[in-house]
Amino acid sequence: MNDSSGMNSPPLETVLVVEDDKILQQQIRKLLEGAGFAVETHASATTLLARLRPEQCGCLVLDVNLPGMSGIELQTTLNERGIPLPIVFLTGHGTIPMAVDALRAGAVTFLEKPVVRQNLIDAVFQALSQDRAQRAAQEKQDHAEHRLRQLTERERQVLESVARGLSNKEIAQRLDLSERTV
């Protein structure tokens, strides 16, 4: 994303609310915007999927019971597509097995409706923190992989030998190099 000066700015974290009850959707939006979050609302999983970008930053506040694709099915779809957005589930009709499955599949938490306002705000803070940590870890991994691709074949051989626990002297002998070069 670029601002008007052409400088790169960090991507905007957005809380994506997927709730088919329009009144509850607007109440959640108002609560989260009042807490300082950028919020985007959707009435179904399919409308969210149509607009969702793979690089989306933020989290989902997701109703379990949605028309068409359920919240649990959406979670599965996102996992299959490699979109790691943290999810805060909301439900008025959840079961313990459903909650366990959602948490095992990576949900941050599973809250029952009517939800305590502060619990929802806290869960969103936790989900956004998790998203930032995941993105930072991915960025670090991408940077390390980029650096590894820049190594020469010989440097890669030395690195592999170091990773196997060989001493500089052993590496030098095996690769016919001086210890100083290693």
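The values are calculated or read from the model by the stated rules, or taken from the named source; none is laboratory data. What you see is a predicted model; the values in this text were computed from it and never measured. Quick reminder, even Gly has a Cβ in these numbers, built from the backbone with ideal geometry, and neighbours come from all protein chains shown. In case anyone asks, the SASA skips ligands and DNA or RNA and just uses the protein heavy atoms, side chains included. Shrake-Rupley method; radii C 1.70, N 1.55, O 1.52, S 1.80 Å.
Across segment 10-33, what is the total count of residues that are open to solvent by 20 Å² or more (accessible area, probe 1.4 Å) and either part of a loop (DSSP other than H, G, I, E, B) or over 21 Å from Asp131 (Cα atoms) (or both)?
11
Restricting to segment 75-97, count the residues that are open to solvent by 70 Å² or more (accessible area, probe 1.4 Å) and not in a loop (DSSP other than H, G, I, E, B).
Looking only at that region, the number is 4.
Has segment 133-150 got any residue that is within 14 Å of Ile87 (Cβ to Cβ) and either surrounded by 13 or more Cβ atoms within 10 Å (Cβ to Cβ) or aliphatic (A, V, I, L, M) (or both)?
yes
With β-branched (Val, Ile, Thr) and either modelled with pLDDT of 95 or more or open to solvent by less than 20 Å² (accessible area, probe 1.4 Å) (or both) as the only criterion, which of Val100, Val124, Val115 stands out?
Val124
Can you find even one residue in segment 46-56 that is modelled with pLDDT under 95, surrounded by 17 or more Cβ atoms within 10 Å (Cβ to Cβ) and not aromatic (Phe, Trp, Tyr)?
For segment 46-56, residues modelled with pLDDT under 95, surrounded by 17 or more Cβ atoms within 10 Å (Cβ to Cβ) and not aromatic (Phe, Trp, Tyr): present.
If I go through segment 34-50 residue by residue, how many of them are without any contact (Cβ under 8 Å) to a residue 40 or more places away in the chain, touching a strand residue (DSSP E or B) at 6+ places or on another chain (Cβ under 9 Å) and within 24 Å of Ser129 (Cβ to Cβ)?
Qualifying residue count for the region: 6.
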